[in-house]
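This report refers to the structure that appears directly beneath it.
The values are calculated or read from the model by the stated rules, or taken from the named source; none is laboratory data. Note that this is a predicted model, so its numbers are computed, not measured. Cβ atoms come from the backbone with ideal geometry, glycine included; neighbour counts cover every protein chain shown.
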Amino acid sequence: MLTAALMLAVTFTHAQDKTKRIGHRPKSGSANSSFDVVKGHQVGIKINAGHKPVQLLQLNFDAESEGSDSVKFKVNVYRFDDITPGENLVKQVVTGAITKGKNRVSVDLSPYNIVAKGRILVAIEWIKNSPADNRFAIGLFNGGTYHYEDGVWKKVPIAGVDFNLLVRKV
């Protein structure tokens with residue numbers, strides 16, 4: 001009697017990590033907005049991260065600086081209820097810099113395991129004062145820009161800076 005052995009080869013395929021961009025589309029044209037670079041002041045936008053948790057991988061935006069030195073900032077991501085920012089989801093210090101000239105600024109957030117869902121406010125906070133003239137690329141009628149100065153958040157309703165995030169579902 002012949003015994004036949006049946007061998008099955010099973011291959012498991014892992015789905016490729018799916019990423020997407022959320023926030024405003026990159027704009028590097030002539031429309032821009034500037035904010036004073038004063039330590040503690042912040043500039044940001046509201047972003048809907050969706051109903052399911054996502055990991056924030058990268059913050060991107062276009063900026064132009066006429067200063068001779070880099071302008072350093074800290075990244076903050078707040079829960080947001082459309083009125084005031086809540087808890088900062090960034091638990092470690094995450095920094096970036098805007099260098100002289102026109103730049104596409106990217107900050108790698110992946111090592112910090114920042115997870116968000118729902119509405120968030122993504123902001124950069126100036127680390128020190130600078131006389132540099134900094135401008136951000138903007139879009140019109142896209143939800144506006146939020147800025148924090150003198151202890152108060154204010155909204156500029158017409159023009160929104162072009163911040164966007166690369167995210168991955170968790």
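Criterion applied to Lys128, Lys154 was being in a strand (DSSP E or B) and over 29 Å from Thr19 (Cβ atoms), and the one residue passing it is Lys154.
Among the candidates Asp82, Asp108, Asp62, the residue that is at pLDDT below 95 and surrounded by fewer than 17 Cβ atoms within 10 Å (Cβ to Cβ) is uniquely Asp82.
I'm checking my understanding of the structure. Among residues of region 131-151 that are assigned to a strand (DSSP E or B) and of a type in the set (S, T, N, Q), which one is modelled with the highest pLDDT? So the residue we want is Thr145.
Scanning region 90-116 for residues that are of a type in the set (Val, Ile, Thr) and in contact (Cβ under 8 Å) with a residue 40 or more places away in the chain turns up Val105, Val107, Ile114, Val115. Residues in region 65-79 that are small (Gly, Ala, Ser) and modelled with pLDDT of 85 or more: Ser65, Ser70.
The single condition among (1) more than 17 Å from Lys74 (Cα to Cα); (2) crowded, with 19+ Cβ neighbours inside 10 Å that Val122 does not satisfy is (1).
Tell me yes or no: at least one residue of region 67-82 is touching a Phe, Trp or Tyr at 6+ places or on another chain (Cβ under 7 Å), hydroxyl-bearing (Ser, Thr, Tyr) and farther than 23 Å from Thr19 by Cβ. No, the conditions are met nowhere in region 67-82.
Residue count for region 67-89, restricted to those that are part of a strand (DSSP E or B) and either more than 18 Å from Val152 (Cβ to Cβ) or touching a residue at least 12 places away in the same chain (Cβ under 8 Å) (or both): 13.
Residue check: is Lys102 at pLDDT below 95, part of a strand (DSSP E or B) and surrounded by fewer than 19 Cβ atoms within 10 Å (Cβ to Cβ)? Yes: the conditions hold for Lys102.
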